[in-house]
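Asker: Quick one: structure below, then a few questions.
The values are calculated or read from the model by the stated rules, or taken from the named source; none is laboratory data. What you see is a predicted model; the values in this text were computed from it and never measured. Because the Cβ atoms are built from the backbone with ideal geometry, glycine has one as well, and the counts that use them run over all protein chains shown.
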Amino acid sequence: MAKAVFYGCTTRSNPKLKQNLDKFLDLVGDEFVREGEDICCGAPLLLAGYKDEARKQAEKVVERFKSKGIDTLITPCPHCFTIIGKEYEHVLGVEMKGIKVEHITQFLAKSIEEGKIRLKNKVDIKVSYHDPCYIGRQGRGIYEEPRKVLSSIDGVELKETELTKDATTCCGGGGLLRAYLPKLAVEVAKEKIDSQIKPLGVGAVVSSCPFCFLNLSEGAEKSDIEVMDILDVVIKAME
Amino acid sequence: METKEFKVYKKSIYRVVKDPFVRVALKRAVNSFRKNRDSAISEYDYVLEESKKLQKTKDYVLEHLDEFVKKTMERVEKNHGHAYYAKTVDDALRIIKNIVGSGKTVVKGKSITSEELDLNKHLEEWGNTVYETDLGEFIVQKLGSRPMHILAPAINVPREKVAELFSELAGKKLPQDPAELTRFAREFLRDKFVNADVGITGANVITADTGTVFLIENEGNIRFSTSAPPVHIVLVGIEKILPTLKDGMRMVEVVSRYAGYKAMAYVSMISGPSKTGDIEKVVVYGAHGPKEFHVIFLDNGRSEAAKDPVIRKALQCLRCGACMYECPVYPITTGYWGYKYMGGIGIPWTAYIAGGFEKAAPMAFTCTLCGRCVKYCPMEIDTPEIVQHIREILKEKGFIPDYIKNMAEAVLKEGVPY
């Protein structure tokens, strides 16, 4: 059976995020089927209220993987992760036919533990971690893996915000808010940066969601906080 | 094509997101709320268990709503009160008009339920004078605005603005000091209570076994409004019914702690008109308190909402306001993300009770579905699940923002949204 990386539309269509993911996959060197160029997980349909259409999309996605003999999916997108891994079955009633989904932070943590990824470089940064809602509270409670990844990198100092893990505050990028009221979405991110991240005295906030990355980046534009994707940090340590 | 509502709403949201006063006021409010709530819940930690019991009770009532309405109304009548069932807003207004008439002075306790009726506007149109007596509501009324939070209606109004407003009323310059401003409101309203013909309040709970109305407050304005005037009208949403007096007490504890209070200054329990039997044991109605006690049970879409198992959960809302303080979006938009009811929980309430689906549509696409509210809700209302359900209905009705619709259509045509 084959393993696939499912890019997700937002990662795929952002040059920086896509480049990072490609670079990371090259560094890991494993054989991955690369998926998601022409197929969406269906999350935008479900979130827009197109439930029947989302179900059909879900069936298509499962069929696609099945036909390619894929049994494990790794995705950097929490929204793809949760809709495929949880909502396909529980909300849409679509059978997964044995296909398992991992978020990239789970894959990273496991690979580091098994020694498959070598984090050889020191990366001197003081960061905070932003928990994306859709792997944590609304997903599968993935809180430890990303922290494990960051703390495995020499030089990375992690400072937690007060509202963290299942108490994390949304960056504003979820639920299609960015599609209807982008200025409000960015304002939510700005508020998070200003009131939660800045007081920590860190140089960067790291997340592991393309929506959080985009929205927090816009929210942090006028601040001196850098917004990083977790792969940014990992690649720096691997290269 | 997206409806006009989406554009009008977007404009009002974009106006408030840049308002620095609102941001500061809300930041302060959220911080102090969190401290108070955490400390109230940790000191009375059994309230966590109590809230679970209350959920079960409310579940049961909402599944048997008709039965409970009937039983509670009968009890009110047995207690020498007058009970009315109002299916619609118009029914409720007709009933109130019959009781109040015109040329009266009305003092009101804070009631979001009365906002469903636009009650003040109607009372004034009938030739009455209305005074909101909750300080926040008083400010909102004098501003000609509308409540921006379920518990703290004037949450977005900074003290400077209150001072300006009250100075105008006082005819002299008042300082920008909350204590001084509160004292002014006290003096201004004092004789209004005493001289009022009618007091109108909502209710936090009404119990089926005893017909007791619970009113929870801190200011004392409700005490005044429900005991000084000769007539007391209660407007209660039928979802507020609980089976027993004990359930009512449980609700008081749960809602207070989650709203951040270790003690509410006043909890009034009113089960009928005032009475005495002190002269030869002859019962006379109308002693020092009201002679007439009217309870209007407002449906206005609640029965219909209760039939849908997903939406029914939204009717369990106790109005503690915790979800709004804990929401990442509400502190930026305040009640502009709302119609009569606001924030995430306001979405089902707008769709089914006050406003309709067209009004609820832009609100439904303002929620990020992050689920933070669920964690802090005493009733564990899964607002994201409810909002998702409503979005499915909105799609059927065609009330979707253009950009989102285009994105969904792109997935259907091209396989990907972008």
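Asker: Test each condition in (1) free of Cβ contacts under 8 Å to residues at least 12 places away in the same chain; (2) within 14 Å of chain B (Cβ to nearest Cβ) for A:E221 and report the one that comes out false.
Answerer: (2)
Asker: Let me ask another. Checking B:G144 against (1) surrounded by 13 or more Cβ atoms within 10 Å (Cβ to Cβ); (2) closer than 26 Å to B:Y330 by Cβ, only one condition comes out false. Which one?
Answerer: Tallying (1) surrounded by 13 or more Cβ atoms within 10 Å (Cβ to Cβ); (2) closer than 26 Å to B:Y330 by Cβ, B:G144 fails exactly one: (1).
Asker: So, in segment A:118-134, exactly how many residues are of a type in the set (A, V, I, L, M, F, W, C) and within 12 Å of chain B (Cβ to nearest Cβ)? Explain how you work it out, then say what you get.
Answerer: First, pick out the residues of segment A:118-134 that are of a type in the set (A, V, I, L, M, F, W, C): A:119, A:123, A:125, A:127, A:133.
Still in the list and also within 12 Å of chain B (Cβ to nearest Cβ): A:133.
Count: 1.
Asker: Out of everything in segment B:325-347 that is assigned to a loop (DSSP other than H, G, I, E, B) and more than 16 Å from the chain's Cα centre (by Cα), what residue ends up being nearest to B:S256 (Cα to Cα)?
Answerer: Kept after step one, since they are assigned to a loop (DSSP other than H, G, I, E, B), are these residues of segment B:325-347: B:327-329, B:337, B:339-341, B:343-345.
So of that shortlist, the ones also more than 16 Å from the chain's Cα centre (by Cα) come out as B:327-329.
On the way: B:C327: 19, B:P328: 23, B:V329: 24 Å.
Here the residue is B:C327.
Asker: Please name all residue pairs, on different chains or six or more residues apart, with Cβ atoms under 9 Å, provided the first residue is in segment B:30-58 and is over 16 Å from B:A322 (Cα atoms) and the second residue is crowded, with 16+ Cβ neighbours inside 10 Å and among the basic types (K, R).
Answerer: B:E43/B:R257; B:Y44/B:R257; B:E50/B:R250; B:E50/B:R257; B:K53/B:R250; B:L54/B:R250; B:T57/B:R250
Asker: Among the numbered conditions (1) outside any helix (DSSP H, G or I); (2) out of contact with any helix residue (DSSP H, G or I) (no Cβ under 6 Å at 6 or more places or on another chain); (3) within 30 Å of B:V157 (Cα to Cα), tell me where B:V107 comes up short.
Answerer: Of the numbered conditions (1) outside any helix (DSSP H, G or I); (2) out of contact with any helix residue (DSSP H, G or I) (no Cβ under 6 Å at 6 or more places or on another chain); (3) within 30 Å of B:V157 (Cα to Cα), the odd one out for B:V107 is (2).
Asker: While we're on this one: Among the residues of segment B:392-405, count how many are assigned to a loop (DSSP other than H, G, I, E, B) and either surrounded by fewer than 22 Cβ atoms within 10 Å (Cβ to Cβ) or at the interface with chain A (Cβ under 8 Å from one of its Cβ atoms) (or both). Write out each step before concluding.
Answerer: We begin by selecting, within segment B:392-405, every residue assigned to a loop (DSSP other than H, G, I, E, B); these are B:398-401.
Adding the requirement that they be either surrounded by fewer than 22 Cβ atoms within 10 Å (Cβ to Cβ) or at the interface with chain A (Cβ under 8 Å from one of its Cβ atoms) (or both) leaves B:398, B:400-401.
Counting residues in segment B:392-405 that are assigned to a loop (DSSP other than H, G, I, E, B) and either surrounded by fewer than 22 Cβ atoms within 10 Å (Cβ to Cβ) or at the interface with chain A (Cβ under 8 Å from one of its Cβ atoms) (or both) gives 3.
Asker: Under 7 Å between Cβ atoms, at least 6 apart or on separate chains: pull out the pairs that start in segment B:406-418 with a residue that is at the interface with chain A (Cβ under 7 Å from one of its Cβ atoms) and end on any residue that is surrounded by fewer than 15 Cβ atoms within 10 Å (Cβ to Cβ).
Answerer: Pairs found: B:G415/A:D38; B:V416/A:D38; B:Y418/A:S13.
Asker: Only helices (runs of 4 or more DSSP H) wholly contained in segment A:1-111 count here; list those with 1 or more residues that are over 16 Å from B:Y418 (Cβ atoms). Show your work before the answer.
Answerer: Details: elements: A:9-12, A:15-28, A:43-48, A:51-67, A:78-82.
Where helices (runs of 4 or more DSSP H) fall fully within segment A:1-111 and carry at least 1 residues being over 16 Å from B:Y418 (Cβ atoms), they are A:15-28, A:43-48, A:51-67, A:78-82.
Asker: From the list B:L117, B:L123, which residue is among the hydrophobic types (A, V, I, L, M, F, W, C), surrounded by 20 or more Cβ atoms within 10 Å (Cβ to Cβ) and under 17 Å from the mean Cα position of the chain (by Cα)? Walk me through how you get there before you give the answer.
Answerer: Numbers: B:L123 fails: under 17 Å from the mean Cα position of the chain (by Cα).
From the options B:L117, B:L123, the qualifying one is B:L117.
Asker: Just to be sure, is A:I99 crowded, with 18+ Cβ neighbours inside 10 Å, hydrophobic (A, V, I, L, M, F, W, C), away from chain B (no Cβ under 14 Å) and touching a residue at least 60 places away in the same chain (Cβ under 8 Å)? Before the answer, list the steps.
Answerer: On the way: crowded, with 18+ Cβ neighbours inside 10 Å: yes; hydrophobic (A, V, I, L, M, F, W, C): yes; away from chain B (no Cβ under 14 Å): yes; touching a residue at least 60 places away in the same chain (Cβ under 8 Å): no.
When the stated conditions are applied, A:I99 does not pass them.
Asker: What strands (runs of 3 or more DSSP E) completely inside segment A:124-209 contain at least 3 residues that are buried (at least 18 other Cβ atoms within 10 Å of the Cβ) and not assigned by TED's automatic domain parsing to the domain that holds A:A48? Reasoning before the result, please.
Answerer: On the way: elements: A:125-129, A:156-158, A:204-207.
Here the list reads A:125-129, A:204-207.
Asker: Being farther than 25 Å from B:M73 by Cβ and touching an Asp or Glu at 6+ places or on another chain (Cβ under 9 Å) is the filter here; which residues of segment B:108-135 pass it?
Answerer: If the condition is that a residue be farther than 25 Å from B:M73 by Cβ and touching an Asp or Glu at 6+ places or on another chain (Cβ under 9 Å), then B:N120, B:N128, B:V130, B:T133, B:D134, B:L135 are the ones that fit.
Asker: Let me ask you something else. Considering only residues that are of a type in the set (K, R) and either within 14 Å of B:D134 (Cβ to Cβ) or outside the structural domain of B:K142 (by TED's automatic domain parsing) (or both), which ones fall in segment B:176-208? Show your work before the answer.
Answerer: Here is the first cut: in segment B:176-208, the ones of a type in the set (K, R) are B:183, B:186, B:190, B:192.
Within segment B:176-208, B:R186, B:K192 qualify.
Asker: Next up: Consider only pairs whose beta carbons are under 7 Å apart and that are at least six residues apart or on different chains; among these, list those whose first residue lies in segment B:305-328 and is away from chain A (no Cβ under 14 Å) and whose second residue is of a type in the set (K, R).
Answerer: Every condition considered, the pairs that remain are B:A305/B:R312; B:A306/B:R312; B:L315/B:R302; B:Q316/B:K58.
Asker: Another question, if that's okay. Picking from B:A152, B:A179, B:A203, which residue would you name as being aliphatic (A, V, I, L, M) and either in a helix (DSSP H, G or I) or loosely packed, with under 13 Cβ neighbours inside 10 Å (or both)? Walk me through how you get there before you give the answer.
Answerer: On the way: B:A152 fails: either in a helix (DSSP H, G or I) or loosely packed, with under 13 Cβ neighbours inside 10 Å (or both); B:A203 fails: either in a helix (DSSP H, G or I) or loosely packed, with under 13 Cβ neighbours inside 10 Å (or both).
Just one listed residue meets the conditions, B:A179.
Asker: Inside segment B:24-50, can you point out the residues that are outside any helix (DSSP H, G or I) and surrounded by 12 or more Cβ atoms within 10 Å (Cβ to Cβ)? Before you say what the answer is, go through the steps one by one.
Answerer: Quick first cut of segment B:24-50, residues outside any helix (DSSP H, G or I) only: B:44-46.
Within segment B:24-50, B:Y44 is the sole residue that qualifies.
Condition check ((1) out of contact with any strand residue (DSSP E or B) (no Cβ under 9 Å at 6 or more places or on another chain); (2) among the hydrophobic types (A, V, I, L, M, F, W, C); (3) in contact (Cβ under 8 Å) with a residue 60 or more places away in the chain) across all residues:
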position	(1), (2), (3)
B:H80	no, no, yes
B:D90	yes, no, no
B:V100	no, yes, yes
B:D118	yes, no, no
B:I150	no, yes, yes
B:L165	yes, yes, no
B:A179	yes, yes, no
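Asker: A further question follows. How many residues are free of Cβ contacts under 8 Å to residues at least 40 places away in the same chain, assigned to a loop (DSSP other than H, G, I, E, B) and either more than 26 Å from A:G139 (Cα to Cα) or more than 9 Å from chain A (Cβ to nearest Cβ) (or both) if we restrict to segment B:348-391?
Answerer: Qualifying residue count, segment B:348-391: 2.
Asker: Determine, yes or no, whether A:K159 is more than 14 Å from the chain's Cα centre (by Cα), modelled with pLDDT of 95 or more, more than 14 Å from chain B (Cβ to nearest Cβ) and over 25 Å from A:G219 (Cα atoms). Full working, then the answer.
Answerer: Numbers: more than 14 Å from the chain's Cα centre (by Cα): yes; modelled with pLDDT of 95 or more: yes; more than 14 Å from chain B (Cβ to nearest Cβ): yes; over 25 Å from A:G219 (Cα atoms): no.
In short, no.
Asker: Of all the residues that make up segment B:229-264, how many are part of a loop (DSSP other than H, G, I, E, B) and without any contact (Cβ under 8 Å) to a residue 60 or more places away in the chain? Break it down stepwise before answering.
Answerer: Initial filter on segment B:229-264 (part of a loop (DSSP other than H, G, I, E, B)): B:229-230, B:243-244, B:259-264.
Filter once more, so that each one left must be without any contact (Cβ under 8 Å) to a residue 60 or more places away in the chain: B:244, B:263-264.
Within segment B:229-264, residues that are part of a loop (DSSP other than H, G, I, E, B) and without any contact (Cβ under 8 Å) to a residue 60 or more places away in the chain number 3.
Asker: State whether one or more residues within segment B:92-111 are over 22 Å from B:D197 (Cβ atoms) and either among the acidic types (D, E) or surrounded by 22 or more Cβ atoms within 10 Å (Cβ to Cβ) (or both).
Answerer: Let us first name the residues in segment B:92-111 that are over 22 Å from B:D197 (Cβ atoms), namely none.
Checked segment B:92-111: no residue is over 22 Å from B:D197 (Cβ atoms) and either among the acidic types (D, E) or surrounded by 22 or more Cβ atoms within 10 Å (Cβ to Cβ) (or both).
Asker: Would a scan of segment A:180-201 turn up a residue that is within 16 Å of the chain's Cα centre (by Cα) and either modelled with pLDDT of 95 or more or closer than 20 Å to A:M228 by Cβ (or both)? Before you say what the answer is, go through the steps one by one.
Answerer: Within segment A:180-201, the subset within 16 Å of the chain's Cα centre (by Cα) is none.
No; the residues of segment A:180-201 include none that is within 16 Å of the chain's Cα centre (by Cα) and either modelled with pLDDT of 95 or more or closer than 20 Å to A:M228 by Cβ (or both).
Asker: Follow-up question, since we're still on this one. Determine whether A:T164 is of a type in the set (S, T, Y), in contact with a Leu (Cβ under 7 Å, 6 or more places away or on another chain) and either closer than 24 Å to B:C323 by Cβ or within 14 Å of chain B (Cβ to nearest Cβ) (or both).
Answerer: On the way: of a type in the set (S, T, Y): yes; in contact with a Leu (Cβ under 7 Å, 6 or more places away or on another chain): no; either closer than 24 Å to B:C323 by Cβ or within 14 Å of chain B (Cβ to nearest Cβ) (or both): yes.
Spelling it out, it is not the case that A:T164 is of a type in the set (S, T, Y), in contact with a Leu (Cβ under 7 Å, 6 or more places away or on another chain) and either closer than 24 Å to B:C323 by Cβ or within 14 Å of chain B (Cβ to nearest Cβ) (or both).
Asker: If you go through segment A:1-56, how many residues are touching a residue at least 60 places away in the same chain (Cβ under 8 Å), within 9 Å of another protein chain (Cβ to nearest Cβ) and among the polar types (S, T, N, Q)?
Answerer: 1
Asker: Right, next: Given the structure, is A:V94 of a type in the set (V, I, T) and touching a residue at least 60 places away in the same chain (Cβ under 8 Å)? Please lay out each step first, then the result.
Answerer: Numbers: of a type in the set (V, I, T): yes; touching a residue at least 60 places away in the same chain (Cβ under 8 Å): no.
No, not satisfied.
Asker: Out of B:G260, B:G272, B:G211, report the one residue that is crowded, with 18+ Cβ neighbours inside 10 Å and either in the same structural domain as B:Y352 (by TED's automatic domain parsing) or touching a strand residue (DSSP E or B) at 6+ places or on another chain (Cβ under 6 Å) (or both).
Answerer: On the way: B:G260 fails: either in the same structural domain as B:Y352 (by TED's automatic domain parsing) or touching a strand residue (DSSP E or B) at 6+ places or on another chain (Cβ under 6 Å) (or both); B:G211 fails: either in the same structural domain as B:Y352 (by TED's automatic domain parsing) or touching a strand residue (DSSP E or B) at 6+ places or on another chain (Cβ under 6 Å) (or both).
Selected residue: B:G272, the only one of B:G260, B:G272, B:G211 that is crowded, with 18+ Cβ neighbours inside 10 Å and either in the same structural domain as B:Y352 (by TED's automatic domain parsing) or touching a strand residue (DSSP E or B) at 6+ places or on another chain (Cβ under 6 Å) (or both).
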